Amino acid sequence: MWLRCGCPSRSVSTSLRVLASPLRVLGLRRCNTAAFMPESAGFGGVSGRSGLQEFSVSSSESFWAAVARHRLSWIRPFTAVQDCDLSRGRIRWFEGGKLNVSVNCLDRHVHTCPDRVALIWERDEKGTEVRYTYRELLEMTCRVGNLLRRHGVKKGDCVTIYMPACPLAVASMLACARIGATHNVVFAGFSAEALADRIRDAQSSTVITVNQGVRGGKILELKKTVDIAVQSCPTVQQVFVAMRTDNPVAMTARDIAIEEEMLKEDVVCEPATMNSEDTLFLLYTSGSTGKPKGLVHTQAGYLLYAAFTHRYVFNYHDGDVFGCMADIGWITGHSYAVYGPLANGGTTVLFESTPIYPDPGRYWDMVERLQINQFYGAPTAIRLLLRFGNEWVNKYDRSSLKTLGSVGEPINTEAWEWYYRVVGEERCPVVDTWWQTETGGICIAPKPSDPDAEIVPGMAMRPFFGIKPVLMDTEGKVISGNDTSGALCLAQPWPGMARTIHNDHQRFIETYCQPYPGYFFTGDGAYRSVEGYYQITGRLDDVINVSGHRIGTAEIEDAVVRTTNKPKGVFAFVVLKKNVDVEEADLSRQLNDIVSEKIAKHACPDFIQFVQRLPKTRSGKIMRRVLRKVVELDLDSLGDLSTLDDPAAVQEIIQGHRELL
Ligand code: WTA
């Protein structure tokens, strides 16, 4: 089941040159509009790539209608392009249309190029990669689809997938799409409790997992974690278990050995006819309250946007090998390891390992071995690797690389420069892509449309086609002009945006639509430069970004307050109740254990500072932005402290912080 082979072709690299400060990268290739975007004939004579961007925003309906007709295979064409009202949280695209997402990602490519490689599974064990062609992936998907159907999974049912990045996980996602079930992929680093929360909220009847995961040479007991989780999930009726390692695991009456059962299934599976707005998947992400939000993405709009952004943001062409390093448990893995590349008939890499296993050359060894053309990674990994020095990069041939992508958090200049100069040998544009689980795909990125595509390090730069960013001031008014900062909102709907929060549309409206009526509020702040380029400055709410992963401060607090010592606040800052007598080092260890057990290891604080009190406003709200600035040692930007109840609290914390360091 896990072994296949085949080899994709490569294509030419883009020519680039660099000018002086601020660092500028110019793409010298100019294409005519029709060659660049074949559907442009439907755009009413628009010429030039920047004209396309304007057209996509001013005539958004015509733009997306032409793109949707051209890029997706429809069972029945749509009758309305959109029916959206952001102020009411109503978002609908391509209604009346019917399609099947798995057919769009698999069957149509099997018809034209069945032996093209769809997936390259870069297993944890270096040098043991496995390739799957489109035909093989379709067959695997059909077997899983038939198996799920035989076990009673129906259209609209939710299947939770708790697996590391592997072909069977992708086939499981696509099998859900094939039979009209909803998938809910939970990152396989989440704890049993976090998994159970997500299974319960999604009311999932079926779970798919592996006996054990393997990451960085270590074994992860995923099946055991599922066993614990499902004890508190009455909706779960069956757990399918794949074998990633040879070690047997205890199987109960509820468990089904998926590979054995798949062999009994047919390789043809009738695709369900789905409405554009039927749910494709739920993906849980952290919000500013303790409860994670199950964001809902639907069929046509999501797929179209993932495919279209994949093609244009990364300049992806037929035959390229696309390497997205994100796990399938995050939205980046959904859109750019699975749906975008597969909808485009591309070859996509599924990375199971870590950037430093078995050594810090892992990524670049893989680039050489798999001949990766577009490499999409996270600043946290880049920062980690640059500390190990250039030898680890230079050892390997990276001439296949054409575009380097970054996502998840702002990329600092040092990391950007290293990525551009050392990894990309000053040949490859670095595309810093801003987006969110909520947006479904990339919304701001350096060069989707501009032929001269200047890139300024550390800036996401320009809106993607159909995206209209605006900055809001504290009174909720749109800020005009440049060289200014504000709350980042998107002024008009786009097909890839999330439609709601599972079972809680009110929370969707309150979080995204009410803060700035008529606009979609992203939760991020941004700066617009003199030239009109966007730079993301970070979250404005109580969501924090831990190595590119979103965690709600409230989630960590929820976990931490369950310790016997009952402290009452955390993110590195903990206030103990009066008269509590504990060793701080012991308590730090306990808190880390608790967070790891209740949420996941990646949510553990790196530093814990015990303080007497937290900076609060007079109305009792913790001023997290102040804490953040203290942590960043950016004391000149503490901002307006006039609403603080007692400004002395900040001085105490700064003092304590200096002592800690
Ligand atoms: C942050 C990940 C700066 C941002 C795709 C956003 C970024 C949150 C960037 C979404 C970037 C993502 N520059 N910040 N290029 N990309 N972010 O939902 O705060 O896991 O709101 O989606 O990550 O995280 P999520």
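Within region 520-528, can one find any residue that is at pLDDT 85 or above and more than 20 Å from the chain's Cα centre (by Cα)? Yes, there is a match, as at least one residue in region 520-528 is at pLDDT 85 or above and more than 20 Å from the chain's Cα centre (by Cα). Output the residues belonging to region 455-486 that are farther than 16 Å from Ile536 by Cβ and surrounded by 19 or more Cβ atoms within 10 Å (Cβ to Cβ). Within region 455-486, Phe465, Gly466 qualify. Taking the criterion of being among the β-branched types (Val, Ile, Thr) and either closer than 16 Å to Trp121 by Cα or in contact with a Gly (Cβ under 7 Å, 6 or more places away or on another chain) (or both), the residues of region 353-390 that qualify are Thr354, Val367, Ile372, Thr380.
Residues of region 637-661 being aliphatic (A, V, I, L, M) and modelled with pLDDT of 75 or more, which ones?
Let us first name the residues in region 637-661 that are aliphatic (A, V, I, L, M), namely 638, 641, 644, 648-650, 653-654, 660-661.
The answer is Leu638, Ala648, Ala649, Val650, Ile653, Ile654.
Within region 464-484, one or more residues are outside any helix (DSSP H, G or I), closer than 23 Å to Ala337 by Cα, within 13 Å of the ligand (Cβ to nearest atom) and under 25 Å from the mean Cα position of the chain (by Cα).
Could you go through region 213-225 and let me know if any residue there is in a strand (DSSP E or B) and more than 21 Å from Thr354 (Cα to Cα).
Within region 213-225, the first condition is being in a strand (DSSP E or B), and the residues that meet it are 213-215, 218-220.
Applying the additional criterion that residues be more than 21 Å from Thr354 (Cα to Cα) yields none.
No, every residue in region 213-225 fails to be in a strand (DSSP E or B) and more than 21 Å from Thr354 (Cα to Cα).
Consider region 390-417 and keep the residues that are crowded, with 19+ Cβ neighbours inside 10 Å and more than 15 Å from the ligand (Cβ to nearest atom). The one that is nearest to Ile467 (Cα to Cα) is Lys402. Can you work out which of the residues in region 279-310 that are surrounded by 24 or more Cβ atoms within 10 Å (Cβ to Cβ) and of a type in the set (Val, Ile, Thr) is farthest from Arg369 (Cα to Cα)? Residue satisfying both the conditions and the ranking: Thr298.
Just give me the residues in region 91-102 being within 23 Å of the chain's Cα centre (by Cα) and outside any loop (DSSP other than H, G, I, E, B), in sequence order. Spell out how you get there, then give the answer.
Kept after step one, since they are within 23 Å of the chain's Cα centre (by Cα), are these residues of region 91-102: 91-93, 100-102.
If the condition is that a residue be within 23 Å of the chain's Cα centre (by Cα) and outside any loop (DSSP other than H, G, I, E, B), then Trp93, Val101, Ser102 are the ones that fit.
Restricting attention to region 553-591, the residues that are modelled with pLDDT of 80 or more and closer than 23 Å to Gly287 by Cβ add up to 3.
Screening region 264-290 for residues that are under 19 Å from the mean Cα position of the chain (by Cα) and not hydrophobic (A, V, I, L, M, F, W, C) and picking the one that is farthest from the ligand (Cβ to nearest atom) gives Thr279.
Summed over region 524-542, the residues that are near the ligand (Cβ under 7 Å from one of its atoms) and either of a type in the set (A, V, I, L, M, F, W, C) or without any contact (Cβ under 8 Å) to a residue 12 or more places away in the chain (or both) give a count of 1. Are any of the residues in region 114-135 surrounded by 23 or more Cβ atoms within 10 Å (Cβ to Cβ) and over 25 Å from the mean Cα position of the chain (by Cα)? The answer is no, given that none of the residues of region 114-135 is surrounded by 23 or more Cβ atoms within 10 Å (Cβ to Cβ) and over 25 Å from the mean Cα position of the chain (by Cα).
Among the residues making up region 418-452, those that are on the phi < 0 side of the Ramachandran plot, assigned to a loop (DSSP other than H, G, I, E, B) and away from the ligand (no atom under 16 Å from the Cβ) are Gly424, Arg427, Cys428, Ser449, Asp450, Pro451, Asp452. Of all residue pairs spaced 6 or more apart or on separate chains, those with beta-carbon atoms under 6 Å, a first member in region 578-589 that is within 19 Å of Ala559 (Cβ to Cβ) and a second member that is assigned to a loop (DSSP other than H, G, I, E, B) are Val580/Asn565; Val582/Asn565; Ser588/Ile608. Scanning region 502-523 for residues that are free of Cβ contacts under 8 Å to residues at least 12 places away in the same chain and in a strand (DSSP E or B) yields a count of 0.
Can you tell me which of Gly152, Gly145, Gly156 is buried (at least 23 other Cβ atoms within 10 Å of the Cβ) and either at pLDDT 95 or above or outside any loop (DSSP other than H, G, I, E, B) (or both)? The match here is Gly145. Of the residues making up region 299-334, those that are of a type in the set (Ser, Thr, Tyr) and farther than 14 Å from Thr437 by Cβ are Thr309, Tyr312, Tyr316. In region 293-310, of all residues being within 16 Å of the ligand (Cβ to nearest atom) and among the β-branched types (Val, Ile, Thr), the one that is nearest to Arg131 (Cα to Cα) corresponds to Thr309.
The values are calculated or read from the model by the stated rules, or taken from the named source; none is laboratory data. What you are looking at is a predicted structure, and each value in this text was computed from that prediction instead of being measured. Glycine gets a Cβ as well: all are built from the backbone with ideal geometry, and neighbour counts include every protein chain shown.
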